[in-house]
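Notes follow once the structure below has been shown.
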Amino acid sequence: MGRSIIVVGAGLSGLVAAQVLQQHGNDVHVLENLDRVGGRIRTDLVDGFLLDHGFQVFLTAYEQASKTLDCDKLQLGSFESGALIYFSGKLHRVADPWRSPQHILATALASVGSIWDKLRIASFRRRVLQSSDQQLLKAKQTTAIEALRQEGFSEMIITRFFRPFFGGIFLEQDLKTASGRMDFVFRNFSRGTAALPQGGMQAIPIQLANRLRPGTIHFNKTVTAIESVESSRERSCATSVVLSDGSKLNCDTVIVATEQPAANKLLGVDGEVVAKSQSTTCLYFAVTDPPIREATLVLNGELEGPINNLCFPSFAQPSYAPLGQHLASVSIHGDFLAAPQEVLDATIGQLRKWFGPDVDRWRFLRSYRITHALPSQSLETLASSSNNQDSNCNTGLVRPGVYRCGDYCESASIEGAIRSGIAVAEEVLAGTSSCVA
Ligand SMILES: Cc1cc2nc3c(=O)[nH]c(=O)nc-3n(C[C@H](O)[C@H](O)[C@H](O)COP(=O)(O)OP(=O)(O)OC[C@H]3O[C@@H](n4cnc5c(N)ncnc54)[C@H](O)[C@@H]3O)c2cc1C
């Protein structure tokens, strides 16, 4: 057997790292705080509806994720490209003319932006398609909002389309996210579709977990500290993981694959590296007669009300609702903070304004408030990270025998988490910090 390796966290990055390391003959154990895998990708079955913990989609253009996962087995169901945007009392369509030619006329007439804006979208798309993900993520950056202005987009299309579209992805409306993140997302939306697995988003981590040897993942195990063990004659270094019940597990290598705030605490860089989080709330309703009978994202093109975007996932993936019913998924601005009942009332009030009194027949199923949905990817946060040696996460090595990985090390996405898991496993295999004597 190779090295003994403990992975802390059974989210995508931890599962992928564990898989690669196990395939190379190492003795790998994954310790997970919760009672199931997936981390930020979990799905509940409620009254026959599949409810993801916050609305999210798999982009079929993700290069590394598509290679790592068996996408055929996920039986993906796709959303339409483009979006419907609510403003001035009705919905306006923005279609992707290359992939939804049937909607091109509606797009041309939509008062979402000027004809120049539409031409600029085409050149924005051309530009991002000419580069790779990594080139876009590493290019010289400004904020997303500044980049859109530099591309020449009007304030009208920024308010009506880009703010709710990218704001819904980065979970922040000011678009202070680094422009390379926006380019990465736009490239992946331009090259494929947004899709949902038949088994809900959780089918993605479950597929990865099923590739690990039985007994690899240990649930309800909370790691509270990571300690170095005195070197002995047999080993040049070794590490110990402390659990919440006080027990200790020794190993050669630890990989911290938790979300960034938990990682910073475990690695002792809390305070030195500020882990800012983007939050969101998602509300689900059972609907028998949806006002929109298509798998299209609906964006709030007005700067008012709690709703950022909504959709009916069961048109993209019928397994999300029982036969004869549909699921409505409504995502709320991350900074709309209120008591759950207040959020529900304000959301229903806005839905009623958009779709009329039929909304009163929608049955509320459940809401999810996710405090750390994404790490902040603002230009400011990324710039302060790269000035700080400890937080430069493009390398997974933190100190001898201790590594980290996670979406915050790459890009806050399924693709980024998977890439990071593979990268850290390769680094451990390369033995840059071997603890073996
Ligand atoms: C609402 C929402 C919408 C999103 N939308 C999209 C989208 O549309 N497309 C996209 O590509 N990405 C999206 N994402 C991002 C994507 O889900 C994440 O980037 C990815 O899942 C992160 O994986 P990870 O392995 O880095 O971390 P996590 O999934 O957070 O995994 C970390 C794991 O560590 C465990 N853990 C933490 N502390 C401890 C401890 N002390 N001891 C033991 N275990 C511990 C946690 O329980 C968790 O299981 C979204 C995320 C959210 C929440």
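Which of the helices (runs of 4 or more DSSP H) contained wholly in the stretch 76-158 include at least 3 residues that are at pLDDT 95 or above?
The qualifying helices (runs of 4 or more DSSP H) are 144-150.
Answer yes if at least one residue in the stretch 175-197 is surrounded by fewer than 18 Cβ atoms within 10 Å (Cβ to Cβ), in contact with a Gly (Cβ under 9 Å, 6 or more places away or on another chain) and touching a residue at least 40 places away in the same chain (Cβ under 8 Å), and no otherwise.
No, the stretch 175-197 contains no residue that is surrounded by fewer than 18 Cβ atoms within 10 Å (Cβ to Cβ), in contact with a Gly (Cβ under 9 Å, 6 or more places away or on another chain) and touching a residue at least 40 places away in the same chain (Cβ under 8 Å).
Name the one entry in Val241, Val185 that is of a type outside the set (Ser, Thr, Tyr) and farther than 25 Å from Ile370 by Cβ.
Of the residues listed, the single one that is of a type outside the set (Ser, Thr, Tyr) and farther than 25 Å from Ile370 by Cβ is Val241.
Out of Val28, Val8, I need the residue that is touching a strand residue (DSSP E or B) at 6+ places or on another chain (Cβ under 6 Å), within 25 Å of Arg211 (Cβ to Cβ) and within 12 Å of the ligand (Cβ to nearest atom). Which one?
The unique qualifying residue is Val8.
Search the stretch 291-309 for residues being touching a helix residue (DSSP H, G or I) at 6+ places or on another chain (Cβ under 8 Å) and free of Cβ contacts under 8 Å to residues at least 60 places away in the same chain, and hand back the single one that is surrounded by the fewest Cβ atoms within 10 Å (Cβ to Cβ).
Step by step, filter the stretch 291-309, then rank; the result is Arg293.
Regarding Gln75, is this residue among the polar types (S, T, N, Q), in contact (Cβ under 8 Å) with a residue 60 or more places away in the chain and more than 11 Å from the ligand (Cβ to nearest atom)?
yes
Looking at the stretch 55-70, can you tell me whether even one residue there is more than 11 Å from the ligand (Cβ to nearest atom) and either in contact with a Leu (Cβ under 6 Å, 6 or more places away or on another chain) or modelled with pLDDT under 95 (or both)?
So far as the stretch 55-70 goes, no, none of its residues is more than 11 Å from the ligand (Cβ to nearest atom) and either in contact with a Leu (Cβ under 6 Å, 6 or more places away or on another chain) or modelled with pLDDT under 95 (or both).
Which of the residues that make up the stretch 177-229 are out of contact with any helix residue (DSSP H, G or I) (no Cβ under 9 Å at 6 or more places or on another chain) and closer than 30 Å to Ser240 by Cα?
Ile206, Asn210, Pro214, Gly215, His218, Phe219, Asn220, Lys221, Thr222, Glu227, Ser228, Val229
Taking into account only those residues within the stretch 315-350 that are at pLDDT 95 or above and part of a loop (DSSP other than H, G, I, E, B), which is nearest to Tyr368 (Cα to Cα)?
Only one residue fits best here, namely Ala321.
Between a first residue in the stretch 79-107 that is over 17 Å from Phe186 (Cα atoms) and a second residue that is modelled with pLDDT of 95 or more and in a helix (DSSP H, G or I), which pairs have beta carbons less than 7 Å apart while being 6 or more apart in sequence or on different chains?
Short answer, once both residue conditions are applied: Tyr86/Trp354.
If I go through the stretch 189-213 residue by residue, how many of them are modelled with pLDDT under 95 and within 11 Å of the ligand (Cβ to nearest atom)?
1
Residues in the stretch 122-141 that are surrounded by 14 or more Cβ atoms within 10 Å (Cβ to Cβ) and either of a type in the set (S, T, N, Q) or not assigned by TED's automatic domain parsing to the domain that holds Thr177 (or both): how many?
Residues meeting the conditions: 4.
The values are calculated or read from the model by the stated rules, or taken from the named source; none is laboratory data. Quick caveat, the model's predicted, so the values are computed rather than measured. So basically every Cβ, Gly included, is an ideal-geometry build from the backbone, and we count neighbours across all protein chains shown.
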